[in-house]
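Peer 1: Sharing a structure here in structure tokens format.
The values are calculated or read from the model by the stated rules, or taken from the named source; none is laboratory data. Just so it is clear, the model here is predicted, and its values are computed rather than measured. When we count neighbours, we look across all protein chains shown, and the Cβ atoms used for this are built from the backbone with ideal geometry, even at glycine.
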Amino acid sequence: MVVNKYKLRSNIKSINLGGMGCSAGVIAIDLAKDLLQVHKNTYALVVSTENISRNAYAGDNKSMIVANCLFRLGGAAILLSNKSEDRRRSKYKLLHTVRTHTGADDKSFRCVQQEDDDKGKTGISLTKDITSVAGRTITKNIATLGPLRAIDHFCIHAGGRALIDELEKSLGLSPVDVEPSRSTLHRFGNTSSSSIWYELAYTEAKGRMKKGNKAWQIALGSGFKCNSAVWVALRDVNPSVNSPWEHCIDKYPVKLDL
């Protein structure tokens, strides 16, 4: 669709990472990084989106209805370049990407699955193990990231309130650290792999992203997978034109009666 819409050249490499779950955005960035290391003087466009229409569940199994309540449509596009002249106008430099997969463990493998219920209706099943699985998987990811962690801003996948609560506790984060994730979940729902970009935009809209700051994007998805990207701001970053937070940033963070 993108190639057709913008009449791109026939030698454009179009790579589909559909089906990779909520962690696909960072996997796409990792792939783009590898391609840019091989093809010099090049741009890479990463388009990250959620489309719930294929997986809307029409049954009455509570563990499968949850996905209908959480997921919302959303999308983001990220332009990457390896051209030296683009540095002066770029927002960020990619420092690290780390990919962790714990699918060999049955609890990890089965905590998020597409399956049929007892009436033959297809949906996404979420088990109660998802928060503990996420905690263990992200711990392994951090072990790889290890000494690279001097992080100023956190963009944790807005998978759900319980998930954010668990990661806030297990990582020892402060309320302001998880504010972008909570605000994104409240305003936009779970937009899957694009949620980490809504969160980065939130930090920009709040005027918090200063030159030299490091932002850690943490994407979690079925499999179970945890993928990380660490970026450093090349300048003080102002909100983008037509930011998703343009008309509502002053309303956040909101205080909820729990």
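Peer 1: Name the single residue that is surrounded by the fewest Cβ atoms within 10 Å (Cβ to Cβ) among those in region 181-209 being basic (K, R) and in a helix (DSSP H, G or I).
Peer 2: Here the answer is R187.
Peer 1: Related question: Looking at V98, V112 in this structure, which one is modelled with pLDDT under 90 and not small (G, A, S)?
Peer 2: On the way: V98 fails: modelled with pLDDT under 90.
Only one candidate qualifies: V112.
Peer 1: Select from region 232-258 the residues that are modelled with pLDDT of 95 or more and among the β-branched types (V, I, T) and write down the one among them that is nearest to the chain's Cα centre (by Cα).
Peer 2: Here the answer is V232.
Peer 1: Let me ask something else. Which of the residues spanning region 123-180 are in a loop (DSSP other than H, G, I, E, B) and in contact (Cβ under 8 Å) with a residue 24 or more places away in the chain?
Peer 2: Our first condition is that a residue be in a loop (DSSP other than H, G, I, E, B); within region 123-180, this holds for 127-129, 149-152, 157-160, 171-174.
Passing the criteria: T127, R149, A150, I151, D152, H157, A158, G159, G160, L171.
Peer 1: For region 210-231, how many residues meet the condition of being more than 11 Å from A24 (Cβ to Cβ), over 13 Å from the mean Cα position of the chain (by Cα) and surrounded by fewer than 24 Cβ atoms within 10 Å (Cβ to Cβ)?
Peer 2: Residues meeting the conditions: 6.
Peer 1: Out of all the residues in region 40-55, which are without any contact (Cβ under 8 Å) to a residue 24 or more places away in the chain and either under 24 Å from R87 (Cβ atoms) or surrounded by 10 or more Cβ atoms within 10 Å (Cβ to Cβ) (or both)?
Peer 2: Let us first name the residues in region 40-55 that are without any contact (Cβ under 8 Å) to a residue 24 or more places away in the chain, namely 51-54.
Selection gives N51, I52.
Peer 1: Please specify each residue of region 111-133 satisfying the condition of being under 21 Å from the mean Cα position of the chain (by Cα), among the small types (G, A, S) and buried (at least 18 other Cβ atoms within 10 Å of the Cβ). Outline the logic, then answer.
Peer 2: Filtering region 111-133 for residues under 21 Å from the mean Cα position of the chain (by Cα) gives 111-114, 124-127, 129-133.
Restricting the remaining residues to those that are among the small types (G, A, S) gives 125, 132.
Correct list: S125 only.
Peer 1: Please indicate, with yes or no, whether at least one residue in region 70-89 is surrounded by fewer than 10 Cβ atoms within 10 Å (Cβ to Cβ), part of a helix (DSSP H, G or I) and of a type in the set (A, V, I, L, M, F, W, C). Don't jump to the end; show me each part of the working.
Peer 2: Start the filter on region 70-89 by keeping residues that are surrounded by fewer than 10 Cβ atoms within 10 Å (Cβ to Cβ), which leaves 84-85, 88-89.
Next, from what is left, pick out any that are part of a helix (DSSP H, G or I): 84-85, 88-89.
If we keep only those that are of a type in the set (A, V, I, L, M, F, W, C) as well, we get none.
Checked region 70-89: no residue is surrounded by fewer than 10 Cβ atoms within 10 Å (Cβ to Cβ), part of a helix (DSSP H, G or I) and of a type in the set (A, V, I, L, M, F, W, C).
Peer 1: Confirm whether D86 is charged (D, E, K, R) and under 23 Å from S243 (Cβ atoms). Walk me through it before giving the result.
Peer 2: Numbers: charged (D, E, K, R): yes; under 23 Å from S243 (Cβ atoms): yes.
Answer is yes for this residue.
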